[in-house]
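The values are calculated or read from the model by the stated rules, or taken from the named source; none is laboratory data. On a predicted model such as this, the values are computed, not experimentally measured, just so you know. As a convention, Cβ positions derive from the backbone with ideal geometry for all residues, glycine included, and neighbour counts pool all protein chains shown. These accessible areas exclude ligands, DNA and RNA; they are computed on the full protein's heavy atoms, side chains included. Shrake-Rupley method; radii C 1.70, N 1.55, O 1.52, S 1.80 Å.
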Amino acid sequence: QHNPHWWGNRNTIVHLFEWKWSDIAAECENFLGPKGFAGVQVSPVNENIISAGRPWWERYQPISYKLITRSGNEQEFADMVRRCNDVGVRIYVDVLLNHMSGDFDGIAVGTAGSEAEPSKKSYPGVPYSAQDFHPSCEITDWNDRFQVQQCELVGLKDLDQSSEWVRSKLIEFLDHLIELGVAGFRVDAAKHMAADDLSYIYSTISDLNTEHGFPHNARPFIFQEVIDHGHETVSREEYNQLGAVTEFRFSEEIGNAFRGNNALKWLQSWGTGWGFLASGQALTFVDNHDNQRDMGAVLNYKSPKQYKMATAFHLAYPYGISRVMSSFAFDDHDTAPPQDEQERIISPEFDEEGACVNGWICEHRWRQIYAMVGFKNAVRDTELSNWWDNGDSQISFCRGNKGFLAVNNNLYDLSQELQTCLPAGVYCDVISGSLVDGSCTGKSVIVEDSGFGYIHIGSEDFDGVLALHVDARV
Ligand code: AAO
């Protein structure tokens, strides 16, 4: 279940973290469809516990499978899926199959109004009771398989997926979403569930809904959150046959390189050469909603120049199933998404250039990022060729005769003739500007009959990357 069921030549998934369904529906029609995005990963859709201050992570604590959250209700969800599919943008749901909520004093109330008694493992909204869970224990050794798969991840009540009842409830939930037209699932905390149990669940759920434009017998796309740096007892290799797996080393290594801790010349062998999973099995990202909050090598929107360079490389290099992050501004791990006084999530607002202004970051609306989504579509199915580097952190390469990328992560200018592999003509650099009514608002590059063009990326330039492709010819 590795096929994401993309439309046409589309290639890139965006995670619209904590967005409301009605806003995503409008975004599909107004922005994602026209810009060529392939799909959206949406936040968890089922009822969750209500936590004080409404941190984003309350949504990772299920109370039932009713489709009512701060992002909207079932009708709004169904409307979003329909409208996004109509413009060729697929919906992938973040699903929590591993656990229910964490402990809570007394009776907890969920976002759909269901009551639960987490300390007794009682969730009548499903219903689940104590016998549907593994006995409580804490994970203290992350290399102990029993603990990782049967104890409680950060204290979240751990469902027993080998039980018939639990399986039937999870399958019913997934089938309901398939019926509503989704294309697949991000499986949260997959490492904390036995691969055999997941295999049973994935192979039992329905085919995708043909009324939403999917072919007959199309299987749901599955991408599993497994954090494995290569030395885990529970490894990514237990899951990659079942579906794609999040490749966390991609995120860490790309952050490391573009932060300047590793020369970009080494990226020539990016991908499996770095020990990553096979391209069609790897869900790749510069940052995700968890590691963008950690200190460390991972880049996020707070380092915009490096972040855009890393994203351009991510989307230009032919490796992986790409996902870009779309965040809200945060100070710390617990910051809630933009909300009003009644704790309702607010809709993003846009300035005249289309950028978000009211607490939403909307990296996917940064020109340098959506332009690379277009680049990836334009060069789809071409090979990488003509790798060039200066022996340090200036690099360039071609994608067939359809696209060319150059990056300068040195503290001095890149100024020289480089092979672009493009047909002769004048091309608009889609990073520094865009093609508007046949003229380029940024840098233009003249490509000679030989394919060579003069490339300049000053060390002080606003962006450290230049990208040309055949759909942006002046
Ligand atoms: C909240 C509170 C808790 C409270 C709990 C229950 O914060 O204090 O106990 O409620 O009341 C999210 C939030 C949590 C939140 C939870 C529930 O992040 O803060 O807890 O919702 O509301 C492991 C799992 C991985 C998981 C990750 C957070 O393997 O599956 O922990 N991610 C998913 C989601 C995430 C969500 C949940 C799961 C729960 O994406 O948003 O939590 O649904 C190592 C291990 C990993 C481990 C990490 C983090 O990785 O290998 O398995 O992930 O540590 O603990 C280096 C190291 C590497 C390390 C990595 C990442 O690279 O080399 O070993 O860093 O730190």
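Shown for segment 119-177: the carbon plus sulfur share of the solvent-accessible area, taken with all protein chains present and a 1.4 angstrom probe, equals 53%. Of all the stretches in the chain, which is the longest one without any exposed loop site, taking trypsin sites (Lys or Arg not before Pro) in a DSSP loop (any state but H, G, I, E, B) with at most 14 other Cβ atoms within 10 Å? Longest run free of exposed loop sites: 1-301. Placing unit charges on the Cβ atoms of the charged side chains and taking the dipole of segment 301-404 about its Cα centre, the candidate lying farthest along the positive direction among M372, L384, N358 is L384.
Once the 1.4 Å probe is applied to the protein heavy atoms, the chain comes out at 37 Å² accessible per residue. Around the Cα centre of segment 379-469, unit charges on the Cβ atoms of Lys, Arg, Asp and Glu (plus for the first two, minus for the last two) sum to a dipole of about 280 debye.
Computed from point charges on the beta carbon alone (+1 for Lys and Arg, -1 for Asp and Glu), the dipole magnitude for segment 40-169 about its Cα centre is near 420 Debye.
Taking all protein chains in place and a 1.4 Å probe, what share, in percent, of the accessible surface of segment 1-109 do carbon and sulfur account for? Of all accessible area on segment 1-109, carbon and sulfur atoms account for 51 percent. Which angle between 0 and 90 degrees, to the nearest 10, do you get for helix 304-316 versus the longest principal axis of the chain when only C-alpha atoms count? The two axes meet at around 90 degrees. Between the alpha-carbon centers of segment 141-191 and segment 329-369, tell me the distance in whole angstrom. So the separation of the two Cα centres works out to 30 Å.
Measuring r between the beta carbons of S119 and E341 and using R0 = 22 Å, the FRET efficiency lands at 0.10. Using alpha carbons only, how many angstrom separate the centre of segment 412-433 from the centre of segment 217-268? So the two Cα centres are separated by 31 Å. Summary: within the chain, the longest segment free of GluC sites (Glu not before Pro) located in DSSP loops with at most 14 other C-beta atoms within 10 Å is 1-340. No cysteine of the chain lacks a disulfide-compatible partner when judged by a Cβ distance under 4.7 Å.
Checked against a 18 Å cut-off, the cross-linked pairs K121/K157; K20/K169; K265/K402; K121/K169 give Cα-Cα distances beyond that limit for K20/K169; K265/K402. The calculated 222 nm mean residue ellipticity attributable to helices in the chain amounts to -5500 deg cm²/dmol, summing -39500 (n - 2.57) over DSSP H runs of n ≥ 4 and dividing by all residues. When the accessible area of segment 222-301 is split by element with a 1.4 Å probe, what percent falls to carbon and sulfur? The C+S portion of the solvent-accessible surface of segment 222-301 is 47 percent.
Between helix 367-378 and the chain there is an angle of about 90 degrees, using the helix long axis and the longest principal axis of the Cα atoms. Normalised by residue count, segment 318-399 yields a Cα convex hull volume of 163 Å³ per residue. In percent, rounded to a whole number, the relative contact order of segment 39-112 is 47, using alpha-carbon pairs under 8 Å and six or more apart. Using a simple spin-label model with pseudo-atoms 7 Å out from Cα toward Cβ, E172 and Q75 lie 2.4 nm apart. Placing +1 on the Cβ of every Lys and Arg and -1 on the Cβ of every Asp and Glu, with no other charges, gives the chain a dipole of roughly 1000 debye about its Cα centre. Placing unit charges on the Cβ atoms of the charged side chains and taking the dipole of the chain about its Cα centre, the candidate lying farthest along the positive direction among N30, P44, I455 is I455. When the Cα positions of A406, G273, Q131 are compared along the charge dipole of the chain, A406 comes out farthest toward the positive end, with charges on each C-beta of Lys, Arg, Asp and Glu. Restriction of the chymotrypsin sites (Phe, Trp or Tyr not before Pro) in segment 107-176 to DSSP coil positions whose beta-carbon has at most 15 other beta-carbons within 10 angstrom yields W142. In the chain, Cα pairs under 8 Å separated by at least six residues give a relative contact order of 13 percent. Once you order the gyration tensor axes a ≥ b ≥ c over the Cα atoms, which shape class does segment 199-289 get: rounded for a/c under 1.5, otherwise prolate or oblate by comparing a/b with b/c? Prolate, because a/c is 1.5 or more and a/b exceeds b/c.
Can you figure out the FRET efficiency of C137 with D334, using R₀ = 25 Å and their beta-carbon distance, to the nearest 0.05? In this case the efficiency is close to 0.45.
DSSP bridge analysis restricted to the chain gives an antiparallel fraction near 60%, rounded to the nearest 5. Grouping the Cα pair distances of segment 1-147 into 10 Å bins from zero gives a pair-distance distribution of 11, 34, 28, 19, 7, 0 percent in increasing distance order. A prolate overall shape is assigned to the chain, the ratio a/c of its alpha-carbon gyration tensor axes (a ≥ b ≥ c) being 1.5 or greater and a/b exceeding b/c.
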